[in-house]
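This report concerns only the one structure given below.
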Amino acid sequence: MRVLLAEDDPMIGASLRHGLRQDGFAVDWVEDGRAAELALAEGVHDALVLDLGLPRRTGLEVLGAMRKNGDTRPVLVLTARDAVADRVAGLDAGADDYVVKPFDLNELAARLRALLRRGSGRAGRLLGSGEVEIDPATREVRFKGEPVAVSPREFALLEALLTRPGVILSRAQLEDKLYGWSDSVESNAVEVHIYSLRKKLGADFIRNVRGVGWMVARAGVHR
Amino acid sequence: MTSIRRELLFWLLTGLSVAVAAAAVGTYFRARVEANELFDHQWQEMAASLTDAPFGAAPDGAAGSGTGADALVVQIWDRNGVRLYLSQPQRVLPQHAQLGFTDAHTEQGDWRVFSALAGNQVVQVAQPMHARRALAASMALRTIVPLLVMLPVVGLLIWLIIAQGFKPLERVAAAVAKRSPSLLEPLAERGLPTEVQPLVRALNELLDRLREALAAQRTFIADAAHELRTPLTAVHLQAQLAERAATDAERRAALGDLKAGLERATRLSEQLLTLAREEPGVAERAFAPVDVHALARDMIQEFAPLAAAKSIDLGLIEASGPSGAPIVSGDAEALSTLVSNLIDNALRYTPPRGRVDVAVAREGDVIVLTVRDTGPGVPAAERTRVFDRFYRGAHVDGTRERGSGLGLAIVKRIAEHHRAEIAMGDGIDGAGLSVNVRFPATAPASAGETAEAPGPLGPGRGIARSAS
């Protein structure tokens, strides 16, 4: 899952990027409202973590413009103002959730996962297809009920495919989910991860559609 | 406790009583004079009417009328001085007659005596003085009795009228009693007597200042609490990352970040404290002569290592022209803070291999402290706003530096305290920023009372301040 982080404080921004990456998110960090709008326009992020006190364009302005443009991606607001009126203003402007500073990294990650889950129309926390089941919160993968160890990038790839089962994702789309701007992407990285996953989860679990991309079957099809 | 009402009543009644007493005394003496004149006149008439009446010798004591103590006593002598008649033999009167009015004194008291020739006889009429006095006294008494009776009534009236007069004061007192720090509306000034209006107006002005001071304080606390959240959030996250660290190297890096975060939080809280201390009326320290040049030199020495670490050329520009030590009257500690904040600010935003100049000069009576740098500068439009608390200009985006937004606010507050003017201009060679602080060469003794009206909240107001 690729997340855009808009936070103007260098220390908070750096810590959040680091922490969210540890939790398996691909994170892009911008420090002002205008940069946030430019990044959102790329359309590659699954969610936005938005500080309200941004320079150039405030968080509320970014949020308002986003919703006006019909952008429905989940937005989690970071706010230092904990008065009810401030929180209401954020939610009214179209935020899906908020945390008040100072907040807990684990809580932020959990709320972000919940937003992404709801955004993809799921109620439960598990994703699955066939005999493979993953838990985005604990980052556990089970194959035929048995836990399987995967790398963070492999998990991110699996999560991207399982979030939209039955849909073919191109290499570019998968790379977008896996890497932030500052990450260097090796040319055959996606193939390497898929090769590794096929070894662990069965050769036919991830299907390749030549020249188009990869997909997993919709849940239940194999059962 | 003194009561204006009781005092007024007391003095008004005392005055009235004195007036009544004076009236009584006056009436008494006036009445006595009048009674004398009246009686004397009557006697003259009577004597005149007796002029031709012959009196035969009459036996003593045969006189009929009036033997009372106040009654008239009549004596008649013939030409040879033989008494023909004495109306009240038991009376002791002068045995001789002097024609006309006389006052006589016998063992029976004072007498008013009138003697006249009537044919061949001398007729003498005498009356005890006390009779006349009694008459005068009773006249005087009749005059003042109604006044005395009226006195308590007048007292009651005064009491009630004063009470009525003080009603507006009581209303004002009740209105003031209802005020609280959260409810400081002005008192109604309409319908008040002219004597009370100045008080209420002064109270309203005080309430105004109080309200402003409280609002400023509340805003400051809210802002401060808000501003503290940012470094605390950072510290919280950095601590969590240190916890999560899987390897020693990761942990070391995380702890390094955490330390930097703690330093930032500490610095912000220190600056908040400094700003709070420099609030007008909080801590009044005595003003003393301060050599700004020496102060600048000390501060440059202090910042030299930091400047060297950033490869910034930090130096002091020697004053040229008519010199003499640039002495200002001020609070040395606060002035150090001012200079160090300006240098700190300049170093913070000036990129490596830049330059920061500190200059102290005298322009006539004014001492000018200038800090110039080769940093990004401040756009003209923002040059007043950067002195606001927690204001961080958009211009700092280029640098990684992130100040507390308090440094210049503290500088401004200290400058105001010293009646110094502060202005921003272009920095070295038209690039960067320069900050000018212009001190009056010898600040007036009352420098503490600058900037704002004497703060209503300030404890320690009125502490003697040494002047130089």
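What follows draws every value from the coordinates through simple rules; no lab data is involved. The model shown is predicted, which means the values in this text are computed figures rather than measured ones. Cβ coordinates were reconstructed from backbone atoms using ideal geometry, including for glycine residues, and neighbour counts include every protein chain displayed.
Residues with beta-carbon under 14 Å from that of A:Asp96, excluding A:Asp96: net charge, scoring Lys, Arg +1 and Asp, Glu -1? It works out to a net charge of +3. Note on the protein assembly as shown: antiparallel DSSP beta bridges, both residues inside, total approximately 75 percent of the bridges counted. Restricting the stretch A:104-184 to chymotrypsin sites (Phe, Trp or Tyr not before Pro) that sit in a DSSP loop and have at most 16 other Cβ atoms within 10 Å of their own Cβ leaves A:Trp181. Counting Cβ atoms of other protein chains within 10 Å of each residue's Cβ and taking the mean over peptide A:10-23 gives 5.
Can you give the net charge of the other residues whose Cβ lies under 14 Å from the Cβ of B:Met139, counting K and R as +1 and D and E as -1? Local charge sum for B:Met139: +3. Peptides B:257-264, B:376-383, ordered by how many other C-beta atoms sit within 10 Å of their residues on average, highest first, read B:257-264, B:376-383. Of the trypsin sites (Lys or Arg not before Pro) found in the stretch B:334-368, those in coil by DSSP whose Cβ has at most 13 other Cβ atoms within 10 Å are B:Arg353.
Here the peptides A:184-194, A:19-29 are ranked by packing, the mean other Cβ count within 10 Å, and the order with the highest first is A:19-29, A:184-194.
Find out how many positive minus negative residues lie around A:Ala189, taking Lys and Arg as positive, Asp and Glu as negative, among other residues whose Cβ is under 13 Å from that of A:Ala189.
That works out to -3.
Note on the protein assembly as shown: with charges restricted to the Cβ of Lys and Arg (+1) and Asp and Glu (-1), its dipole about the Cα centre is near 2020 debye. Excluding residues on the same chain fewer than 8 positions from A:Lys144, give the aspartates and glutamates whose Cα lies under 20 Å from its Cα. The reachable aspartates and glutamates, counting only those whose Cα sits under 20 Å from A:Lys144, are A:Glu131, A:Glu133, A:Asp135, A:Glu154, A:Glu159, A:Asp204. Once you've got the Cα coordinates, tell me which of A:Lys101/B:Lys259; A:Lys177/A:Lys199; A:Lys101/B:Lys178 are over 28 Å apart. In this structure, A:Lys101/B:Lys178 lie more than 28 Å apart at Cα.
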